[in-house]
Structures are given as structure tokens and as C-alpha cells.
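Student: Please read through the structure below; I'll follow up with questions.
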Amino acid sequence: MAGIGLFICFVLMFLARPMAVLICLLPFRKMPLTERVMLSWVGLRGSVPIILATFPLISGVQKADMIFNVVFFVVLTSVLAQGSSIPFFARRLGVYAPLESLPEPPEAVAGKEEWEPLVKLKVLSGSAADGKQIADLNLPDDTWIAVLRREGHPIRPGGSTVLKGGDLLSVQSSGPSLDLLRSLVEKKEIASDDNEPEQQIIPRG
């Protein structure tokens, strides 16, 4: 059994896969030979062949146990032999390149700043924000309404979300921006009395 497995491993590693890879890479003439050899060697067998080898066992095929044992042996040998030798062959063929730490983008560095804790605000009935869409509030860029709760149910807020009195807001903001939002949601809007009669000025003379 071991002899059959070793023979199949030898054929797959040193004959079948290298020939198949080199033939498939013939159109890519600019690819260096060292990279082609590396691709032909990196042909690890994984769990899929083992899973497929269980089908004959389930179906009761004759000598299914031998098929499964051979497949399992080939997969194990491939992982141990080829998998452990990949760094060695990569260095020998000159295709080994150590990973370099790339500089983080500016936005990632800026994102490392500690966020302010979420502030909970309640929309007061009759406030400037009551009955208005979030987009109409013209909030500063550093202000973000993370969660909106209405009658105990969470709502994902968006620009078209209309705020109503009694809404509970979880807000990411601080400083003057938070004060601005607080004034919009927690202070009643003073409506001007348009029905107040104007005083009529009668010229003398």
C-alpha cells in the first residue's frame, strides 16, 4: 500500500504537475523559468481529494478502502514534503521576497485617534429638529447620529430620516458641534407671531 502511494506521489510531484503547468504557461513567454518551476512545485493537495475519496466508501465500491487510504497518504505526503519545502525552493530559485511593512495611509493614522464616547440626547417636541430630516439640520462633519430609538425600537438613521419628539439619539460628537446639536433637539423653537397686528403710523398734518 505504501509503495503504491509513494509511486503516485512521485508521478504527481515530479511528472504530472510540472508537465501540466509548463504546458499551460507556454503562452506566457515573458514569465521567467524560475517562476514556472516554482509554480510547478507548489501543487499542494488538500481536503477536497479526501472528501471525494469518501464517496466510494459510502457507495460500497469494491476496494474503496484502498482508494481512500492511497488518497489520504498522497495528500499527507504532499502537504509534508511540498508544503515544508516551499520557502527553501523559493530561496534557491530566487523568487523569495520577504514581506515589507507598508506605511499606513493617512486616513488610517487619523482613525487611530480615540473617539469621544457616545452622547445620548432626546428630541424635544416642538424643538427645531422635531419633524425635520437629519439632512436638513446641516450637522457639522464631526457629528454623527449612530443610533436612533423610537418607542423602544432601534432605527438606523439616515439623511432622509425624520426626527420626532421623544426620539432618543446616540450621538458621536463633542465641543461646539455637540452644543449646536443639543440646541436643535433639546430647545423649543420660538415661533414668531405673524398674526400680531402691525401698528399703523398716521402722518400728522
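The values are calculated or read from the model by the stated rules, or taken from the named source; none is laboratory data. Bear in mind the structure is a predicted one, so any value in this text is a computation, not a measurement. Using ideal geometry, Cβ is built from the backbone for each residue, glycine included, and neighbour counts are taken over all protein chains shown.
Student: Being in contact with a Lys or Arg (Cβ under 9 Å, 6 or more places away or on another chain) and free of Cβ contacts under 8 Å to residues at least 40 places away in the same chain is the filter here; which residues of the stretch 40-60 pass it?
Tutor: Within the stretch 40-60, Ser40, Gly43, Pro56 meet the criteria.
Student: Kindly indicate whether Leu178 is out of contact with any Ser or Thr (no Cβ under 8 Å at 6 or more places or on another chain), surrounded by 17 or more Cβ atoms within 10 Å (Cβ to Cβ), assigned by TED's automatic domain parsing to the domain that holds Lys120 and free of Cβ contacts under 8 Å to residues at least 60 places away in the same chain.
Tutor: No: the conditions fail for Leu178.
Student: Can you find, within the stretch 1-31, the residue that is farthest from Leu80 (Cα to Cα) among those that are touching a residue at least 60 places away in the same chain (Cβ under 8 Å) and surrounded by 12 or more Cβ atoms within 10 Å (Cβ to Cβ)?
Tutor: Within the stretch 1-31, the match that is farthest from Leu80 (Cα to Cα) is Ile4.
Student: Could you tell me which residue of the stretch 148-185 is nearest to Ser127 (Cα to Cα), considering only residues that are of a type in the set (S, T, N, Q) and assigned to a loop (DSSP other than H, G, I, E, B)?
Tutor: Thr161
Student: While we're looking at this one, here's another question. Output the number of residues of the stretch 163-178 satisfying the condition of being closer than 17 Å to Asp136 by Cβ and more than 30 Å from the chain's Cα centre (by Cα).
Tutor: 5
Student: Pairs please, first residue from the stretch 152-175 and in the same structural domain as Ala129 (by TED's automatic domain parsing) and modelled with pLDDT of 80 or more, second anywhere and of a type in the set (S, T, N, Q) and not in a loop (DSSP other than H, G, I, E, B), Cβ atoms under 6 Å, 6+ apart in sequence or on different chains.
Tutor: Ser160/Gln133; Val162/Gln133
Student: Take the stretch 32-51 and flag every residue that is exposed (fewer than 12 other Cβ atoms within 10 Å of the Cβ) and outside any loop (DSSP other than H, G, I, E, B).
Tutor: Leu33, Ser47, Val48, Ile51 - these are the residues of the stretch 32-51 that are exposed (fewer than 12 other Cβ atoms within 10 Å of the Cβ) and outside any loop (DSSP other than H, G, I, E, B).
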